[in-house]
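Q: Just passing along the structure, written as structure tokens.
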Amino acid sequence: MSVDNLRKESTIPITERSNELTSDIDVATASDIVRTLRQCDSQIFSGWKHFPSIYDEEIITAMDRIVLEATEMLKDNSGETAVVLSGCGTSGRLAFILAQKFSRLAKLQQLPVCYEYLIAGGDIALFTSQEAPEDNWKKGQQDLIEVSRNKKSVLFIGISCGLSAPYVAGQLDYCMKHPDIFTPVLLGFNPVNQARRITLEEWDKSFLDVATALGGNRDFQDG
């Protein structure tokens, strides 16, 4: 590969790149496809290139801090705490699945059911793509305000695979402006310097600005 191509590849976000393991997936058999995808999934645990896996100390340390915050929410029986998971598209569906799963576990363990989910476009987005709401950072903030109304403490987990969703960026920014109530967490698969750099419509910030500010304030990022 030429030097120019190497430089170009280094600027492409990880979530926009092809995986070397899948270069021949279009001519693979069904069983080979499943095996290849399994190998790709394993990189989450083993690491990809020079990037950390979820077993690396820096990731485990961040998760430990998040666990401590969540534990405090579960200890509170007042009904005034919440763990809110939010995202767009597939990330929003992941937020829904996790909130539902954790709620069932909480009931079984007789713990407060304090989990909520948000998905850009509302519940219809669980089944069909809703692209316009995903780009609406104001709506993201409005939805967060509504779901956290009357809460004294909220652990907010914004899920954005490529660190690009305006809906989530608006929510994270709102959380940082109200640190007396919100503890913001950003979950994604790109390093912060690969976050979306385009300034959002009717706003003077990009996702990169929000992610950088979050890292400087709380360092509750996982990616």
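Q: Suppose accessible area is computed on protein heavy atoms with a 1.4 Å probe; arrange Tyr115, Tyr167 from highest to lowest.
A: Tyr115, Tyr167
Q: So if a site counts as exposed when it's one of the trypsin sites (Lys or Arg not before Pro), its DSSP state isn't H, G, I, E or B, and it has at most 13 other Cβ atoms within 10 Å, what's the longest stretch of the chain without one?
A: Longest run free of exposed loop sites: 50-148.
Q: Apply the Karplus parameterisation 6.51 cos²θ - 1.76 cosθ + 1.60, with θ equal to phi minus 60°, to every residue of the range 115-132 and state each ³J(HN,Hα) to the nearest whole Hz, in sequence, with x for glycine and proline.
A: 8, 10, 10, 10, 9, 4, x, x, 4, 4, 6, 5, 10, 9, 5, 10, 6, 4
Q: Which loop GluC sites (Glu not before Pro) in the range 1-100, with loop taken from DSSP, have no more than 16 other Cβ atoms within 10 angstrom of their Cβ?
A: Passing both the DSSP loop test and the Cβ count: Glu80.
Q: Can I ask one more? Using Cα pairs closer than 8 Å and at least 6 residues apart in sequence, work out the relative contact order for the range 1-104, in percent.
A: Averaging sequence separation for qualifying contacts and normalising by length gives 10 percent for the range 1-104.
Q: Taking the Cα centre of the chain as origin, work out the dipole magnitude from +1 charges on Lys and Arg Cβ and -1 charges on Asp and Glu Cβ, in debye rounded to 20.
A: Rounded to the nearest 20 debye, it is 420 debye.
Q: When ligands, DNA and RNA are left out and all protein chains stay put, how many square angstrom of accessible area per residue does the chain have with a 1.4 Å probe?
A: Each residue of the chain exposes 58 Å² on average to a 1.4 Å probe.
Q: Shifting gears a bit: Any chance you could look up the accessible area of Tyr174 with a 1.4 Å probe, heavy atoms only, rounded to 10 Å²?
A: Approximately 50 Å² for this residue.
Q: Around Leu118, which amide H atoms from residues at least 5 apart in sequence, or from another chain, sit under 5 Å from its own amide H, with H modelled in the peptide plane?
A: Amide H neighbours of Leu118: Leu85, Ser86, Gly87.
Q: In the chain, what percent of the accessible surface is made up of carbon and sulfur (1.4 Å probe, ligands and nucleic acids excluded)?
A: Answer for the chain is 53 percent, counting heavy atoms of protein chains only.
Q: Now a separate question. Is the range 51-136 best put as rounded, prolate or oblate by its Cα gyration tensor, with a ≥ b ≥ c the root eigenvalues, rounded for a/c under 1.5, and otherwise prolate when a/b is larger than b/c, oblate when not?
A: Judged from the Cα gyration tensor, the range 51-136 comes out oblate (a/c at least 1.5, b/c at or above a/b).
Q: Given a 1.4 Å probe and heavy atoms of the protein chains only, how would you sort Ser129, Ser42, Ser206, largest accessible area at the top?
A: From most exposed to least exposed: Ser129, Ser42, Ser206.
The values are calculated or read from the model by the stated rules, or taken from the named source; none is laboratory data. In this text the structure is predicted, and so the values were computed from the model without any measurement. No Cβ is skipped: glycine too gets one built from the backbone with ideal geometry, and neighbour counts run over all protein chains shown. For accessibility, only protein heavy atoms count, side chains too; no ligands or nucleic acids. Shrake-Rupley method; radii C 1.70, N 1.55, O 1.52, S 1.80 Å.
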